[in-house]
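Notes follow the structure.
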Amino acid sequence: MNNASNESPLDVDDEPVPAMQQILDNPFLLLFIGIAMPTVLYIVWGVMEIVGIPVAK
Amino acid sequence: MAVNRMFRTCPSTGLVYHEPAEKLIRWNAVAAVVSLLVGGILALLVTLTRWPAVHLLPPDWFYLVLTAHGLDMLVFWIIFFEIAVLYFCSSVLLRCRLAMPGMAWLGFWLMIVGALVNNVAVFRGDSSVMFTSYAPMGAHPAFYLGLILFAVGALIACFVFFGTLVVAKAERTYNGSVPLVTFGAVTAAIIAVFTIASGAIILIPTFLWSIGLVDYIDSLMYRTVWWAFGHSSQQINVAAHVSVWYAIAAVVFGAKPMSEKVSRTAFFLYICFLQLASAHHLLADPGLTSNWKIFNTSYAMYLAVLASMVHGLTVPGAIEVAQREKGFNRGLFEWLRKAPWSNPSFSAMFMSLIGFGFLGGISGVMMGTEQLNLIIHNTIYVPGHFHATVVVGTTLAFMGLTYFLIPTLFRREMMFPGMAKWQPYVFGLGMMSFSLFMMGAGTLGVPRRHWDMTFAGNALGYEFPGTAYLMMGIMAISGLAAVVGGIMYLLITVGSVFLGKKIQTPDFARVAARDGVAPKPVPQPVAVSHAGIGTAGFVAPGTFVLALVFLTAFVLYYFVNWKYLSTVWPLS
């Protein structure tokens with residue numbers, strides 16, 4: 001393990017983090033996107049189409 | 001409860017192992033290899049039955065063995081190993097403690113019990129429903145229960161992985177973004193959560209149906225939701241084995257990704273679109289509209305394919321740059337000729353990359369096109385495709401990673417190093433040929449899953465051309481070669497782990513959280529100079545040429561299939 005002293009405020013990089021990097025650095029946001037997109041586009045849309053098939057008389 | 005803060009540092013690799021994480025990685029890897037052993041024996045029996053000249057098993061045994069083979073290989077071997085990869089990419093690569101080891105063990109034992117219950121159900125003989133277990137074909141309740149228990153265990157493991165990311169961030173064991181390999185594992189874990197949730201949505205009602213609490217399972221509904229589980233489970237593999245490619249390139253060559261941004265964006269495309277490719281299994285199903293089919297398999301899937309092509313370009317590109325910087329800078333391919341082909345980690349990884357791209361990738365795009373899918377739907381082409389992606393792509397990459405892990409994780413010297421040099425070639429080339437000839441036979445219409453391709457004694461028999469029988473024979477011989485490669489892998493790994501000479505390393509010692517804080521990053525130059533390497537302004541010209549060869553093969557194969565489609569049903 002590395003021995004490192006705690007960072008002082010001066011050590012903090014003040015360059016803004018790009019928006020896309022902020023998204024990619026947030027695993028829980030990615031988890032939400034990765035579940036929501038296939039759920040809506042594949043499962044919900046697919047199930048709606050099946051439910052909408054007319055029943056034979 | 002006291003938090004276990006016992007760590008050790010591997011002196012040869014510098015990797016830091018948390019005590020519970022190390023144990024869990026080992027146990028998951030061992031469970032994976034045991035599943036591979038069982039699945040491999042069953043693979044031999046399936047191959048010898050589908051070889052028309054041998055036709056080993058009677059039909060009831062064939063369907064039983066094929067069901068068990070599919071589950072042990074596609075679910076248990078792969079997912080146990082993937083959980084080991086998730087813990088490795090989080091705890092080890094981020095140099096932090098594993099979150100909630102108790103929950104991780106609970107997940108592991110649920111997976112073990114689930115795998116056992118499922119296997120027992122299949123080997124009882126009343127659950128020969130194939131990997132897909134399409135309703136209304138019913139299996140014993142234990143079949144579904146085993147899968148559900150396994151899925152719950154794997155889901156717990158995924159959340160332990162996410163928890164470990166939180167721990168690493170809170171304890172500041174890394175700076176900035178997680179390493180690219182860990183980001184690939186994040187992608188795999190996200191796809192895994194969707195996959196397992198989809199499995200729960202369909203397998204829980206099917207289990208209730210099997211015990212009589214639910215009256216009816218709609219077959220199209222089952223197929224639609226089941227494939228969100230069945231195909232996405234193979235997409236976890238894609239994200240995981242691509243991460244392994246990056247890891248092995250870094251370990252063997254010290255290769256750095258050509259562009260972290262591009263590689264991360266490619267993983268992001270996987271997160272958004274990869275699971276949608278599940279729809280290609282339903283392209284021949286009535287009931288679902290072309291809008292749904294084409295959006296999911298074409299527009300969305302092509303973005304995931306784009307991501308795979310990005311990885312397929314950046315991994316060898318990074319290796320080429322690293323090799324050229326070491327002085328292998330002559331011509332287009334000196335970097336490749338002088339690569340360490342006798343290092344099984346590298347040879348396995350590189351063949352995984354080539355096989356996955358040229359065989360699995362191109363055939364996957366062809367199958368995912370609604371019209372072309374009609375040529376090969378439900379033929380043996382489909383297992384040909386997924387043996388190229390899952391076995392050549394994933395299994396071979398995982399084998400390559402194992403050779404790296406034996407000394408550092410298990411602290412054992414590798415046994416049979418001479419055999420290890422050859423193992424990836426025997427297994428990889430055997431499996432590539434196996435997949436290729438499966439796809440060839442499938443293009444001629446040979447059905448998948450069917451016990452007897454001659455349909456002997458059936459009212460609607462079909463006379464396949466002699467070429468189809470020839471291809472099935474070559475496929476089987478190639479399969480036998482791959483089985484030999486699998487036996488070599490098992491001999492090396494099991495022998496090394498249990499009988500290999502111990503490597504003495506410093507043992508675990510307590511490390512306080514403050515001592516685990518990552519050091520302040522050293523400022524890096526914004527643009528890395530590659531002056532003096534490459535040709536004609538390209539830093540990786542060899543990879544560029546390989547990419548052009550790939551694209552040419554891709555375009556030719558795609559359009560040849562359109563031509564072939566036009567001849568399937570002559571209109572006059």
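The values are calculated or read from the model by the stated rules, or taken from the named source; none is laboratory data. These numbers come from a predicted model, not from an experiment. Here the Cβ positions follow ideal geometry from the backbone for every residue, glycine too, while neighbour counts run over all protein chains shown.
Below, the figures for the structure above:
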quantity	calculated
Residue within the stretch B:168-185 that is of a type in the set (D, E, K, R), assigned to a helix (DSSP H, G or I) and either touching a Ser or Thr at 6+ places or on another chain (Cβ under 8 Å) or within 11 Å of chain A (Cβ to nearest Cβ) (or both) present	yes
Tabulated pairs, the stretch A:34-52, first within 7 Å of another protein chain (Cβ to nearest Cβ), second assigned to a loop (DSSP other than H, G, I, E, B) and of a type in the set (A, V, I, L, M, F, W, C), C-beta under 6 angstrom, 6+ apart or interchain	A:E49/B:L288
From B:A318, B:A322, B:A279, residue being within 14 Å of chain A (Cβ to nearest Cβ) and surrounded by 18 or more Cβ atoms within 10 Å (Cβ to Cβ)	B:A279
Some residue of the stretch B:239-250 being within 8 Å of chain A (Cβ to nearest Cβ) and small (G, A, S)	no
Matching option when the condition is surrounded by 19 or more Cβ atoms within 10 Å (Cβ to Cβ), in contact (Cβ under 8 Å) with a residue 24 or more places away in the chain and in contact with a Leu (Cβ under 6 Å, 6 or more places away or on another chain), among B:A21, B:A31	B:A21
So B:W209, is it touching a Ser or Thr at 6+ places or on another chain (Cβ under 8 Å) and part of a helix (DSSP H, G or I)	no
Unique match (being small (G, A, S) and either touching a Lys or Arg at 6+ places or on another chain (Cβ under 9 Å) or within 28 Å of B:S128 (Cβ to Cβ) (or both)) among B:G418, B:G461, B:G466, B:G400	B:G461
Where B:E334 falls short, out of the listed (1) more than 14 Å from chain A (Cβ to nearest Cβ); (2) at pLDDT 95 or above; (3) buried (at least 18 other Cβ atoms within 10 Å of the Cβ)	(3)
All positions within the stretch B:287-321 that are touching a residue at least 40 places away in the same chain (Cβ under 8 Å) and outside any helix (DSSP H, G or I)	B:G287, B:L288
Qualifying residues in the stretch B:270-293 (those that are of a type in the set (A, V, I, L, M, F, W, C) and in contact with a Ser or Thr (Cβ under 9 Å, 6 or more places away or on another chain)) - the one farthest from B:M349 (Cα to Cα)	B:L288
Residue in the stretch B:433-444 that is in contact with a strand residue (DSSP E or B) (Cβ under 6 Å, 6 or more places away or on another chain), closer than 24 Å to B:L57 by Cβ and of a type outside the set (S, T, N, Q) present	yes
Enumeration of residues in the stretch B:89-132 that are outside any helix (DSSP H, G or I), among the polar types (S, T, N, Q) and surrounded by fewer than 24 Cβ atoms within 10 Å (Cβ to Cβ)	B:S128, B:T132
Criterion violated by B:F508 - all others in (1) within 14 Å of chain A (Cβ to nearest Cβ); (2) exposed (fewer than 14 other Cβ atoms within 10 Å of the Cβ); (3) at pLDDT 90 or above satisfied	(2)
Any hit, the stretch B:107-129, residues being within 14 Å of chain A (Cβ to nearest Cβ), farther than 15 Å from B:F76 by Cβ, touching a residue at least 24 places away in the same chain (Cβ under 8 Å) and over 21 Å from the mean Cα position of the chain (by Cα)	no
Residue ranges of helices (runs of 4 or more DSSP H) in the stretch B:376-459 with at least 1 members more than 30 Å from B:K502 (Cα to Cα)	B:381-386, B:417-443
B:M438 vs. criteria within 21 Å of the chain's Cα centre (by Cα) and of a type outside the set (S, T, Y)	yes
